[in-house]
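Taken together, the values in this text are just the output of simple stated rules run on the coordinates, not laboratory data. All of these numbers come straight from a predicted model, not from anything done at the bench. Cβ: placed from backbone, ideal geometry, glycine included. Neighbour counts: every protein chain shown.
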Amino acid sequence: MRAEGTTPEPETSMQSGLTSLGEVACRYQADEIRPEDLPVIAAEALAAGLDTPTLCELAGWPRNADARDIRDVFEQALAESGIGLPDRGLARRHALRRMAARLIDGETTPADLATDDWWETEVETAAEDSFVALIPQCDCCIEYTLGLDQQTWAAQLRSAALALTSSPPIGPGC
């Protein structure tokens, strides 16, 4: 047992870094993390105790480097760390749950959901389906698409978001 205020054991710090990088991989697959943010994330992974040649290389790259190159190097760094990229569909389903939680917490608005392609997300559960079914393709079509006034729609969307976040976890991922 370590004393309060001491530095964590390197193995614990490295495991935490692997977990964080695994979550980043999932969010990256769900298009929640932009390529230009990956060099900073690589630097944070190094600070957490991970150390691979490609992770070190990526940490030194500028934000304005070519996005394709950043993606390639990030994916190589993940492989060197023993972290695989999750299935894109599963990553999007996890992202959908995070979006529902942000809606419940008031961190995003119902109209914000219509600005992304959430309505295209492939779902596997009734709770996911109920939530996604309420997301229109664009915010200008909310009334037209759903046949509801915005207040009723927002209430139904929040109710579906609560049901989604309360449902059993969907399995491994972020």
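Listing for the model above:
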| quantity | calculated |
| --- | --- |
| Spacing of the two label points (7 Å from each Cα toward its C-beta) at residue 79 and residue 36, in nm | 2.7 nm |
| Environment charge of residue 63, counting only residues whose C-beta is closer than 12 Å and scoring Lys/Arg +1, Asp/Glu -1 | -2 |
| Net charge of Cβ neighbours under 12 Å - reference residue 72; Lys, Arg +1; Asp, Glu -1 | -2 |
